Structure formats: structure tokens, C-alpha cells
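Visitor: If you scroll down you'll find the structure; I have some questions about it.
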Amino acid sequence: MASSSSSSSPSWTTLLVLMIPFLFNAFLLPASPVDGNMYNDIDLTWGDGRAKILNNGDLLTLSLDKASGSGFQSKNEYLFGKIDMQLKLVSGNSAGTVTAYYLSSKGATWDEIDFEFLGNLSGDPYILHTNVFCQGKGNREQQFYLWFDPTADFHTYSILWNPQSIIFSVDGTPIREFKNLEFSGIPFPKSQAMRIYSSLWNTDDWATRGGLVKTDWTQAPFTASYRNFNADACVWSNGASSCNSASTTTSASSSSWLSQQLDTTGQERMKWVQKNYMIYNYCTDAKRFPQGLPPECKLS
């Protein structure tokens with residue numbers, strides 16, 4: 001048996017931080033507490049039949065062929081919430097395709113919170129692209145590789161949006177935080193209700209290696225799958241939020257997300273992802289911002 005002494009071992013704190021994402025994958029993924037029915041929550045919006053709800057509402061698929069992609073949106077609008085969806089991305093040679101899953105409001109000064117999955121050649125990793133728009137202005141891109149194959153099984157992609165911050169998470173592991181820094185004059189999405197949208201479409205003019213790799217239509221149709229949608233959120237209807245009424249959709253025990261922030265463990269896990277898997281960060285792209293990096297980069 002191995003000795004119980006740890007005098008010559010690496011720091012257990014370091015090992016624990018490094019292993020947490022893998023522990024989440026191994027132990028937490030099979031148990032899914034959400035049971036959202038797609039028929040109740042989702043409207044198929046475009047694609048001429050290429051978007052389908054299957055298995056009595058438990059599964060949704062989007063497909064793309066040379067003629068068209070497809071998409072859906074949530075029936076409800078939300079003003080703050082914790083949004084979870086499990087996705088299994090287009091497998092094989094997905095070069096030229098983009099699967100987008102995001103929150104967005106309407107109008108010329110819209111707000112938006114983006115997950116976009118940029119397809120690639122077989123064997124090359126997907127790129128997870130994130131962005132935050134405030135009052136119609138984005139340019140806040142961060143991109144990541146994932147520490148698993150997102151086409152082999154379903155994984156949970158979450159957006160926590162509350163008055164304090166926006167936190168992007170993958171399988172419970174935070175990968176990015178955009179804080180509310182309005183005290184410094186930096187806009188933050190907090191007054192425009194947003195719907196959830198998703199689409200699968202062809203963007204081979206830019207999606208894969210800057211457009212150098214084109215879509216191989218002999219592989220079509222391309223299909224992305226969705227399940228276990230859950231919105232623990234404030235529903236916006238007729239100019240009012242359900243969280244301000246007696247008919248709130250969030251119970252006192254389940255609305256802790258409204259004030260949730262990253263604890264020390266969450267911050268360490270996010271740092272681990274950003275150190276090992278981040279491939280682009282607008283806050284380090286001085287060439288793109290010759291007049292100076294965006295102000296939130298200096299404050300975050």
C-alpha cells in the first residue's frame with residue numbers, strides 16, 4: 001500500500017484545483033436535475049422543417065444542408081436568470097459551420113450574451129467563442145478550446161446573468177466572468193429583456209481558419225442536438241418581471257442565483273481554464289486597440 005505521508009507530494013490544493021473540471025465531467029454530468037420540455041419552452045423559428053422537437057419534447061435537433069440552416073428561440077423573455085442547456089455539437093468534419101446559443105434583446109442598442117461553437121476539420125478541436133454586447137456594442141471576444149470532445153456526448157453550457165455579473169460555465173466549470181462595472185461608466189446588460197436563441201448555419205467565409213477551410217457539403221446534413229433546457233429566471237411579460245410579483249417563477253430556495261458570485265474555488269477553476277484553454281482574449285490584444293485596451297480590462 002502507498003504511504004499516507006504527503007511530505008514529498010505536490011500540494012494537494014494544487015492537485016484539487018487542477019482535477020475539479022475532470023471530477024465534474026466524471027461524476028456530475030450523468031445526473032441532470034433539469035427536465036425542461038422543449039414543446040413548452042421553445043419555438044422553432046426557421047429552417048423549413050430542419051429544426052425538430054423529438055422524443056415527446058425531450059430532444060431538439062437543428063440541421064444544416066446546402067440549402068438552409070435552422071434555428072429556434074425561447075417562448076419567454078427574461079430579465080436575469082440562470083440558463084442551462086445541454087448540447088451535442090456537429091460531429092466529424094464540421095468546418096464552415098457555426099452553432100450559436102445566446103441571449104439577445106431587440107433594437108438598435110441591443111444587449112447580447114453569446115456562446116458560439118466554430119466547427120473544424122475532423123480531429124481538430126472546436127473553438128468556443130464568447131462575447132458580450134451592451135447597448136449594441138460588442139468587441140469583447142474570448143475564445144477557448146474545450147477539455148473534452150463536444151461532439152461525443154452532451155455537455156452543459158450555462159449563462160448566469162444577474163445584476164452583479166455574467167458568468168459563462170461549461171459542465172459547472174466557470175470559464176469567463178463579465179462583471180457589472182457601471183460605477184466606472186462601463187455599460188452592463190440589466191434593463192433589456194432577452195430571449196434565448198440558437199441556430200446552426202453555414203459561415204465558411206470566416207468560421208474555420210478565417211475562411212480558408214470551406215464546408216464539405218458531401219458531409220451534410222450537419223446536425224446539432226439539444227436537451228435538458230432549464231431557465232431558472234425572471235420572466236419578462238407585459239412590461240414587468242415575474243420576480244417582482246406574487247407569481248414569481250423562482251422560489252426563495254432556488255433564486256440564490258440572483259446574488260450569486262464566484263467564490264474562491266470558482267475563481268481558481270476559471271483561472272485554470274483560462275491558463276490552459278483560452279486561445280484569444282480581447283483584453284490582451286493591444287494591436288486591435290491602439291488607443292488603449294477597453295476600460296473593463298484594467299478593472300477586472
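Rule-based calculations on the coordinates, nothing more; no lab input. Quantities reported herein were computed from a predicted structural model and do not represent experimental measurements. As a convention, Cβ positions derive from the backbone with ideal geometry for all residues, glycine included, and neighbour counts pool all protein chains shown.
Visitor: What Rg and what Dmax come out for the range 88-192 when only alpha-carbon atoms are used, in angstroms?
Guide: My reading of the Cα-based Rg and Dmax gives 14.8, 46 Å.
Visitor: Neighbouring Cβ atoms within 10 Å as the yardstick, rank Cys297, Cys234, Cys134, Cys243 fewest first.
Guide: Cys297, Cys243, Cys134, Cys234
Visitor: Separate question: What whole-number volume per residue, in cubic angstrom, does the convex hull of the C-alpha atoms of the range 125-283 give?
Guide: 169 Å³
Visitor: Same structure again: Could you tell me what a quarter of the Cα convex hull surface of the range 117-168 works out to, in nm² with one decimal place?
Guide: Values: hull surface 18.9 nm².
Spelled out: convex hull of the Cα atoms, projected over all directions, averaged, 4.7 nm².
Visitor: May I pose another question? So what is log10(I(q)/I(0)) for the range 49-92 at q = 0.15 1/Å, when the Debye sum runs over its Cα atoms only?
Guide: Values, matching the q order: -0.53.
Visitor: Name the residue from Met194, Pro174, Cys134 whose Cα lies farthest towards the positive end of the charge dipole of the range 34-299, charges +1 on Cβ of Lys and Arg and -1 on Cβ of Asp and Glu.
Guide: It is Cys134.
Visitor: Please state, to two decimals, what the Cα-based radius of gyration of the range 34-299 comes to when divided by 2.2 N^0.38 Å (N = residues).
Guide: 1.00
Visitor: Out of every Cα pair in the range 36-158, what percent are spaced more than 21 Å from each other?
Guide: Details: 3364 of 7503 pairs.
The share of Cα pairs beyond 21 Å in the range 36-158 comes to 45 percent.
Visitor: Could you point to the residue in Gly96, Phe80, Gly49 farthest towards the positive end of the range 34-112's charge dipole, with +1 and -1 charges on the Cβ of Lys/Arg and Asp/Glu respectively?
Guide: Going by the charge dipole, the pick is Gly96.
Visitor: Same structure, new question: Report, in listed order, any pair from Lys75/Lys137; Lys82/Lys214; Lys66/Lys179 with a Cα-Cα distance greater than 32 Å. Intermediate values should be presented prior to the final figure.
Guide: Working: Lys75/Lys137 25 Å; Lys82/Lys214 36 Å; Lys66/Lys179 40 Å.
Pairs exceeding the cut-off: Lys82/Lys214; Lys66/Lys179.
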